[in-house]
Amino acid sequence: MKQILTHIENHIGIITLNNDEKRNALTFQLLNELIEALSLFETLQVRAVILRAKKGSKVWSAGLFIDELPNSGEDPLPFNHPLEEAMRAIQRFPAPVIVMAEGSIWGGACDLATVCDIIIGTSNTSFAITPARLGVAYNSSGILHVVSVFGIHIAKEMFYTALPLSAERALNIGALNHLVPAEEIEGFTFKLAKRIAENSPLSVSVAKEQINIISEAIPLATATHEHINELRNRAFKSMDYEEGKRAFYEKRKPEFRGH
């Protein structure tokens, strides 16, 4: 594994994002390595997982790697996308996954963090959902993840503005479990993970699965799914999507025209 680092300590599995050159962008390789690590940890019966960046990181993850986004006309986040598969792996993992959120969390990485079980941050932590900067229509599951963690009105602001949400606001709305000084986040997170690992792994696993089932119990009619897919088609088949990607590479502000 090259883009993540892993080790186990006292029944706690630690996954460290290790793609500094790309600000821990969620490349296909990184996401597939993350899925592999979780599979290994499950086999080894770890009782908690910590997902972190390297100590002192200013960016926890910059989100999806833009070079791997498809051309216009293709869904940028289909069901079998590695990000979707990684999030399902986190949700299915039989022990809690804790985000040690040191630094800013952008785009798809914000979605990834929302499906984890506990998020611990510092004053340098922030969350931003950025598809509007690229002309991308986010998928329904991702929107539901963000809404469930940040609440519907804050989620709307995040999707509409693409501006970062501060750690203080995230704490106030319950999106962050704990806000601690940067110099204490490592010790605090490991102490919490150790406390979880000391409890009954079966009881914790059952509680996690029950909570996930209950939180996802929102039925949608077939027609509603079809309507949502049609809405997304308008965006990822648009000229704005191509303009958003060009502007990113050219390091300029995009000129969106709404078509």
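Quick note: the coordinates plus some simple rules give every number you see, no bench work behind them. Just so it is clear, the model here is predicted, and its values are computed rather than measured. FYI the Cβ positions are ideal-geometry reconstructions off the backbone, even for glycines, and counts take in every protein chain you see.
At-a-glance table
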read-out	value
Mean Cβ count within 10 Å, highest first, over the residues of peptides 97-106, 142-151	97-106, 142-151
In order through the stretch 179-184: 3J(HN,Hα) via Karplus (6.51 cos²θ - 1.76 cosθ + 1.60), integer Hz, x for Gly, Pro	10, 10, x, 4, 6, 10
Rh (Kirkwood; distinct C-alpha pairs) - the chain, Å	18.9
Volume of the Cα convex hull of the stretch 7-92, divided per residue and given in Å³	94
Amide H contacts of LEU165 (H built 1.01 Å from N, under 5 Å, at least 5 apart or other chain)	PHE127, ALA128
